[in-house]
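The structure appears right after this line, and notes come after that.
The values are calculated or read from the model by the stated rules, or taken from the named source; none is laboratory data. From a predicted model like this one, the values you see are computed outputs, not experimental measurements. Here Cβ is always computed from backbone atoms with ideal geometry, including for glycine, and neighbour counts include all displayed protein chains. Accessible surface is based on the protein model in full, side chains and every heavy atom, while ligands, DNA and RNA are left aside. Shrake-Rupley method; radii C 1.70, N 1.55, O 1.52, S 1.80 Å.
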Amino acid sequence: MRMFSVSHKTALVVDHCPYMAESSRQLIECDMLTKSRSQGVIPLAPVSKSLWTCAIECSMEYCRIVYDVYPTNKLVKLNEWFLMTALAAVGPPNPRQDPECCSVLHGLVAAVESLCKSTEYQHESRTTLMDTAERVANRGRIICLTNAKSDTHVRMLEDCVLETIQEQNKRAAGSDRLMPIQQCELVLVHIYPQGEETLVSDRQKKELSSVLSSEVHSVRAGRYLACKLNVLVQPHFDLASTTITNIPMKEEQHANTSANYDVELLHHRDAHMEFIKSGDLHMAGSTSRDSGLKETVTLKWCTPRTNSVELHYCTGAYRISPVDVNSRPSSCLTNFLLNGRSVLLEQPRKSGSKVISHMLSSHGGEIFLHVLNSTRSTLEDPPSISEGCGGRVTDYRITDFGEFMRENRLTPFPESMVDAACRTPVERAKSQLERHTRYWPMIISQTTIFNMQAVVPLANLIVKDTLTDEDVLTCQKTVYNLVDMERKSDPLPISTVGSRGKGPKRDEQYRIMWNELETLVKAHVGTSERHQRVLDCISTCRSKPPEEEERKKRGRKREDKEDKTEKNGKDREEKGWTADSERLKGVMEREKDEQSECEIIKDSPDSPEPLNKKPRLATEEQQPPEKSKGPVSLLTLWTNRITQANSRKHQEFAGRLSSVNNKAELYQHLKEENGMDVHENGKATR
Amino acid sequence: MPTVVLMDSSLSMTRPVSVEGSEEIQRKNLAVHGLTMLFEHMATNYRLEFTSLVTFSSLWELMVPFTRDYNTLQEALNNLEDYDKTCLEAALQGVSNIVQQEWGTSCPCQVVLVTDGALGIGRGSLRHSLQTVKQRVEDKKFPLPFPFPSKLYVMCIANAEELQATDSMDNCVGSKLIDQAYSPFHAVMRCGNLTSDVQVFPRPEPVTIDEEVDPMPRTVQTDLEIVGFIEIGDISSPPVLSRHLVLPIAVNKEGDEIGTGATDDTEEETPTNQMAGKSPNFCVLLHGSLKVEGMVALVQLGPDWFGMLYSQADSKKKSNLMMSLFEPGSEPLPWLGRISQLGPASDAAENPYGEDDSKSPFPIQPKNKRSYAQNVTVWIKASGLQTDVQKILRNARKLPEKTQTFYKELNRLRKAALAFGFWELLKSVAELLERECTLLPDSAHPDAAFQLSHAAQQLKLASSGDSKYAAYEHNITPMLTDFSGGGGADRI
């Protein structure tokens, strides 16, 4: 609906003249005796509402519907007092009062004056637009519920409104807070008691001047008036009616049976747009109810129900207001919806095919009628995402990105909350996304660190805008932990996809890991001084001796070896070992390896016996990296590894099992037979 | 956005085009040539578009129903026959019916009218139609404007002089039409530093908001920036203006499009397509995670304009990344509040989703409850009033156990009666309570009688309108008796 239309402001004027105290003569039996207690009791006389009560009740109902459907920007003013409190203070009209002093004319003048006052929304629009402020329109509607004496009386009321508007517009021209009325609709509702003849004739809308149009309705009090206002509110606020039929409801008396009920709802008429345009309005079960004045579209309650995690293609959602808010079927339906469940609604079609066209669902205590797309989709049979770009890649970090999305979920912040840089929450959200994605490999085989549980604390912290000292400490601990892992030569989850064989060697793996970690932290190093400290920590922990660095520059090819030697580098440094050329160094290293190997082997007999008696290679025992005191050559490592692997594939030779220093004595039985008891092989004797 | 090609097959289309040269070319040939160009373009660049072919003369005929098979369209185009006179109104009516039958009234459509600019003669001619347009009855209106959102392009096969003579509608050259309506919409989707080049299909149309002050058409910018993520349950089937497929595309270094891989024929895989399929793409990652997590990504389409990205599964095993556009504005969904006020959940003092994901900050609760969510009093129908009176009586019979509820209901009725100026009701209910008092059985608790007569007396005082007793804010409180020991606190 266009803003600042006539419906932006509505003033309801209820006549408070003595005549309104007259009874509506619609009797209500409020003494409903239950059968068991009815004997010997005379029921009380029924009560009847006054014209005033009827008018107030219906005005309240009019407001209720408008507030339900338009919580904002539709202002209804009831006689200047729109609260029940104030209404109670006014009380019913006094029949003995002088009719002149409380004429409805005062109310109408007050209504016009209130229409002249600019609303908050109008004021806001006017101030934001400044030079085009005159484009903010001021239109309104006055609904006057009164008891007129005659058609002449009606004309008198109309003239009064017209005159007041002209006067007020003059005043408004010279005021900042007032706005001249450009268009006003006057709706006069003449109320008369039941069983009487009306003295006022109905009249269609008529232009009284360029500013004012007027219409007259003559209605009997009671439910006719209620019905009339219900009919009036629809065109006034662009509403339409939908009746939900076939609502299964448990019977109050017999809880195990259920009957079907209907509930009528009002909502913006755009919810029926599809019917209106296609001319299906009448076909779609539109029926006239209650005195033939109302039109409603019938939609059928549909089972099975839908669940909240389903995303429907919805083209509109409109707030509803039940026509009969307190009736049992209405409150059953609204409570059902307010409890968080949704109902699909089916459009009855003459062809008998089932078309689901609407859905009722509540959001935060407000019920909405959702319009679902029920026609063929132009996007049917689209190519699958797996057929497009990147569709053949199979190792996306789907779970990790899911985690990323959870971390970047949005939440509403109060208007007042602005951060130091005056950024709105949504800008903060964007900048958080930017920080979190500075280094974010999309596939598993592109990353090592994100596949390692050990890196998680650091990876989670480093993306933060600010780090505490404690955070820095956690990051440092993570780094130390990695250093420890490297010292223990723990395996890394390096992807072998795309590389032949078993992938890079352990030390190469750690190099890749450290590099990646550095890339991640470097991306955030500018954020704060504490981020820098994390990077410093990494650089320090993975630092190499100066000559290592030198050599690294000379040839990357040798890096593997160097990294390995680097770990045991201290040993070498002590010896003041310098190398003239790469080759020489290589040779020496190998010699040294052999040397150290020999040493270890010599140590072997003294070392404690392995706990399990499983066949083990001597070399294996010698090789745990923690134990190795001297550098180990790549070749040795490799050979060991291969032998180790091979050894698992065959049963160990009996001789080698019982060997000492890889030497097994042959023909032992001969010695035994000869009675010699000399055993070189310690194991054999034990 | 489906397309209807409305081809004039009247006899006048066979008129020759005056070109210097030997061979005679008919207008029809030119039209067919133009459409061939259009179909070829669509087959390569706009393959997902549904197109149908309708021919018209004094009658109209649906030659090819909506299809993506451009060969069929081309074939039909090559086998056109010639008929009698031009009768535009009936043809437009036909188009209107065809579109509504297939797509309903909310789906925007493009209609390409190919004609020679001849208006027709006699009944059914455009001139006749326009002359009588004001005197139509409700169900025989001129078919324009169509009941569905539409764009009507007129490809007029005529020379400039003829156009002036007939004062016809727009003249639109084929290639211009292709640029305007059928060029693919390319954009960059980004989530922080992760980006992907995408094609958005169908082209997002500019949107004009129906505001009185300064209505300006808004266009979707080519930079689609993700601002954050929300659970599907929280966004909860929001109303959208339109839906679009988001197809990742490969862009080579020169900036030329290699192909979407998807829109191109998948059967004949070119090496480039294979390459594109194997290099990781952010769209695919995003789609996969959105699908697994059941979430949507909130995406900014322009200033104060947002949409959402989500995984949409076809009935089969196929699924796709889709984008829906919300109504432009700062608060498109009441249950999300202002989008600019949505920030990262990690900034909140307490995790709004709870440590175990059991909570949600959505939906936002409106300031005021709606009438159906609170206990309003409506007595328009007699039954409403009767129910309220019965409630009081039911509780009255269970005094003193129900003292609290009794007075709660009593005060609700009292307040409403005062507001409605319905003093007569207060008197009547007072009498009812007095009678209840006389009907109390001997076994009744003595407190019951005291409370009933106390309540009746208070109602009577209120019905006098005396400001001392009839104040709206005043509440009738339970009488303090020796038996109640402080207002019904001793419930048995």
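See the values below:
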{"quantity": "Amide hydrogen neighbours beyond the local backbone of residue B:250, cut-off 5 Å, H modeled", "calculated": "B:258, B:259"}
{"quantity": "Charge dipole (segment B:333-401, unit charges on Cβ, about Cα centre) - positive-most of B:368, B:341, B:378", "calculated": "B:378"}
{"quantity": "Residue-span extension gain [residue A:431 to residue A:44] - 0.36 nm each, minus C-alpha spacing", "calculated": "132.0 nm"}
{"quantity": "Rounded accessible area of residue B:47 (nearest 10 Å², 1.4 Å probe)", "calculated": "90 Å²"}
{"quantity": "Sites residue B:473 and residue B:404 - FRET efficiency at Förster radius 30 Å, r taken between beta-carbons, to 0.05", "calculated": "0.95"}
{"quantity": "For residue A:239, residues with placed amide H under 5 Å, excluding near neighbours", "calculated": "A:269"}
{"quantity": "Per-residue SASA entry for residue A:149, accessible area with 1.4 Å probe, Å² rounded to 10", "calculated": "120 Å²"}
{"quantity": "Backbone HN-Hα couplings from phi across segment A:338-343 [Karplus 6.51/-1.76/1.60, Hz, Gly and Pro as x]", "calculated": "5, 6, x, 9, 10, 10"}
{"quantity": "Drop in accessible area of at least 30 Å² in the complex versus isolated chain, residues of segment B:381-429, 1.4 Å probe", "calculated": "B:381, B:385, B:386, B:390, B:397, B:419, B:420, B:421, B:422, B:423, B:424, B:428"}
{"quantity": "Neighbourhood net charge (15 Å Cβ-Cβ; Lys/Arg +1, Asp/Glu -1) for residue B:333", "calculated": "-4"}
{"quantity": "Alpha-carbon centroids, segment A:181-245 and segment A:347-398: separation in whole Å", "calculated": "42 Å"}
{"quantity": "Candidate residues A:272, A:153: accessible-area rank, largest first, probe 1.4 Å", "calculated": "A:153, A:272"}
{"quantity": "Efficiency of FRET between residue A:295 and residue A:159 - r from beta-carbon atoms, R0 30 angstrom, step 0.05", "calculated": "0.30"}
{"quantity": "Label zone at residue A:377, where the point sits 7 Å out along the Cα-to-Cβ direction: segment B:314-335 residues whose backbone N lies under 15 Å", "calculated": "B:314-325"}
{"quantity": "Cα-projected label distance for residue A:468 with residue B:79, points at 7 Å along beta-carbon direction, nm", "calculated": "7.9 nm"}
{"quantity": "With DNA, RNA and ligands ignored, accessible area of residue B:154 (1.4 Å probe; Å², nearest 10)", "calculated": "10 Å²"}
{"quantity": "Solvent exposure, largest accessible area first (probe 1.4 Å, DNA, RNA and ligands not counted), of B:59, A:344, B:30", "calculated": "B:59, B:30, A:344"}
{"quantity": "Residue B:347/residue A:460 FRET efficiency (R0 22 Å; Cβ-Cβ; nearest 0.05)", "calculated": "0.90"}
{"quantity": "J(HN,Hα) series, segment B:350-363, from Karplus relation 6.51 cos²θ - 1.76 cosθ + 1.60, nearest Hz, glycine and proline x", "calculated": "10, 4, x, 9, x, 5, 10, 6, 8, 10, 8, x, 10, x"}
{"quantity": "Residues whose placed amide H lies under 5 Å from that of residue A:11, excluding near-sequence neighbours", "calculated": "A:77, A:141, A:142, A:143"}
{"quantity": "Of B:291/B:318; A:430/B:278; A:300/B:291; A:117/A:149; A:277/B:151, those spanning more than 20 Å from alpha-carbon to alpha-carbon", "calculated": "A:430/B:278; A:300/B:291; A:117/A:149"}
{"quantity": "Gain on full stretching of the segment that runs from residue A:407 to residue A:249 - 0.36 nm per residue minus C-alpha separation", "calculated": "52.6 nm"}
{"quantity": "Heavy-atom accessible surface that B and A bury in contact, both chains counted, 1.4 Å, Å² to 100", "calculated": "11600 Å²"}
{"quantity": "In sequence order, calculated HN-Hα J values of segment A:212-221 (Karplus, 6.51, -1.76, 1.60; Hz; x Gly/Pro)", "calculated": "10, 10, 9, 9, 10, 10, 10, 9, 6, 5"}
{"quantity": "Net lengthening on full extension, residue A:262/residue A:170 (0.36 nm per residue, minus Cα-Cα)", "calculated": "27.9 nm"}
{"quantity": "For segment B:325-375: accessible area per residue (Å², 1.4 Å)", "calculated": "51 Å²"}
{"quantity": "Peptide-level mean, for B:147-156, of C-beta atoms on other protein chains within 10 Å", "calculated": "1"}
